[in-house]
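Below you'll find the structure, written out as structure tokens, and then a few comments.
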Amino acid sequence: MIPVTDTIALDESEIDETFIRGSGPGGQNVNKVATAVQLRFDARRSRSLPDQVAIRLMKLAGSRLTTDGVIVITAQRFRTQERNREDALQRLVDLIRQATEVPKPRRKTKPTLASKQRRLETKSRRSEIKKGRGSKPGFE
């Protein structure tokens, strides 16, 4: 089990890792060794996540989410498979932690009377400036 928060832990069987050739650092080795990691996590069918967290997670994932509800994270920052695995897993855990935070509901507010008056005063001042531009005094 991979701990995410006090109440949420991911089952390791829900995470699928594939090693691919990375484009990052590695010198001549980069063409021979598959050091980059592609981590896949099925957020839609995960038994470890509550429904609300899974929904927020899928919204947060953005372009990393496939049409099947699978989150794909590719890590290729480091030269070794192990460090890239840790990086990808940490990025997934951070994303899930972010999804556990319940957003504060927005309260509708109305503009204050003073702000309405300031807006109208600014509009009338601007109007006067524009009126003064219109005609030049003529020579008759």
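The values are calculated or read from the model by the stated rules, or taken from the named source; none is laboratory data. Everything numeric in this text was worked out from a predicted model, so none of it was measured. Positions of Cβ are generated from backbone atoms using ideal geometry, with glycine treated the same way; all protein chains shown enter the neighbour counts. Just the protein is used for accessible areas: all its heavy atoms, side chains included, with ligands, DNA and RNA removed. Shrake-Rupley method; radii C 1.70, N 1.55, O 1.52, S 1.80 Å.
Tell me the per residue accessible area of the chain using a 1.4 Å probe; a whole number in Å² is fine.
Counting only protein heavy atoms, the per-residue value for the chain is 76 Å².
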| note | Sorted on mean Cβ neighbours within 10 Å (highest first), peptides 84-94, 118-128 come out as 84-94, 118-128
| Listed residue (122, 71, 39) projecting farthest to the positive dipole end of the chain, Cβ model | 122
| request: Enter the per residue convex hull volume of segment 60-140, computed from alpha-carbon coordinates, in Å³ rounded to the nearest integer. | output: 272
| task | Round to the nearest 10 and report in Å² the accessible area of residue 32, as given by a 1.4 Å probe over the protein chains' heavy atoms. | result | 140
| message | Checking the cross-link filter: which lysines have an alpha carbon closer than 28 Å to that of residue 123, excluding same-chain neighbours under 8 positions apart? | response | 108, 110, 131, 136
| field | Gyration tensor (Cα) of the chain, equivalent ellipsoid semi-axes in angstrom | value | 55, 26, 12
| Net dipole in debye of segment 48-91 [+1 Lys, Arg Cβ; -1 Asp, Glu Cβ; about Cα centre; nearest 20] | 220
